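Bear in mind these aren't lab numbers, they're just calculated from the coordinates by the rules spelled out. Fair warning: this is a prediction, and the values are worked out from it, not measured in the lab. Ideal geometry is used to build each Cβ from the backbone, glycine not excepted, and the neighbour counts take in all protein chains shown.
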Amino acid sequence: AQRVTQPEKLLSVFKGAPVELKCNYSYSGSPELFWYVQYSRQRLQLLLRHISRESIKGFTADLNKGETSFHLKKPFAQEEDSAMYYCALSSAGTALIFGKGTTLSVSS
Amino acid sequence: DTEVTQTPKHLVMGMTNKKSLKCEQHMGHRAMYWYKQKAKKPPELMFVYSYEKLSINESVPSRFSPECPNSSLLNLHLHALQPEDSALYLCASSQDITGNGRELFFGEGSRLTVL
């Protein structure tokens, strides 16, 4: 069965500190992994997908198939990064499955 | 147009009412989705339409009835709902449900309150 695990419900950091939001998945095939972000009062939007290997708003995420992880990282957090972050998994012919989400709170 | 538009933004209904939620996209996407999201919880998949045919129904109660009149429109008909059905209902679309077209674009949601 497909499963996405985000072990932290809340991550609080100070502005300028590094951030790592953890995501582990279980799936026997070759899934596609995503990070979605939901800012306060805004729609859910895509932040990153593993196949594009881009850096968006300073965030990066590397798929580690050995550890079945897709952690989201940013070297220097900004206050505007405060939001709910969802890791999600998709496989061919199925819809996106979300983890429970991690609230990132960045304070000055 | 790169948006998914949902109406109404807010809906309050009684348990005996019949209402509908509407979703529209003009990105040429061939897959459309309904998700339900409770406060501080992740979205939960309800239905998936692929090429206007229902391809996934996640054991949703029959008081929720989806409809896909054409490739741009998706409706969710509501009847005899319960207070616990109160939630944010999210519509999403993607190019496809296979290959590299699985990135989902979400609407802002319709916030439903059942009294």
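About the Cα centre of the stretch A:22-108, how large is the charge dipole given +1 on each Lys and Arg Cβ and -1 on each Asp and Glu Cβ? Please answer in debye to the nearest 20.
It comes to approximately 100 debye.
Ordered by residue, what ³J(HN,Hα) values in Hz, to whole numbers, does the stretch B:70-79 give under the Karplus form 6.51 cos²θ - 1.76 cosθ + 1.60, where θ = phi - 60° and Gly and Pro are x?
Computed from phi, the couplings for the stretch B:70-79 are 7, 5, 9, 10, 9, 10, 10, 8, 10, 8 Hz.
Can you compute the label reach from A:N64? Point 7 Å from Cα along the Cβ direction, backbone N cut-off under 18 Å, restricted to the stretch A:81-108.
Inside the label zone: A:87-88.
If you take the charge dipole of the protein assembly as shown about its Cα centre, with +1 on Lys and Arg Cβ and -1 on Asp and Glu Cβ, which of B:Q6, A:T5, A:F34 is farthest toward its positive end?
Of B:Q6, A:T5, A:F34, it is A:T5.
Label 7 Å along Cα→Cβ of A:F76; the stretch A:1-19 residues with amide nitrogen under 14 Å?
What the label zone holds, given the 14 Å backbone N cut-off, is A:15-19.
Reachable aspartates and glutamates from B:K9, Cα under 14 Å, same-chain residues fewer than 8 places away excluded?
Of all the aspartates and glutamates, those that pass the test against B:K9 - Cα under 14 Å, at least 8 places apart if same chain - are B:E24, B:E108.
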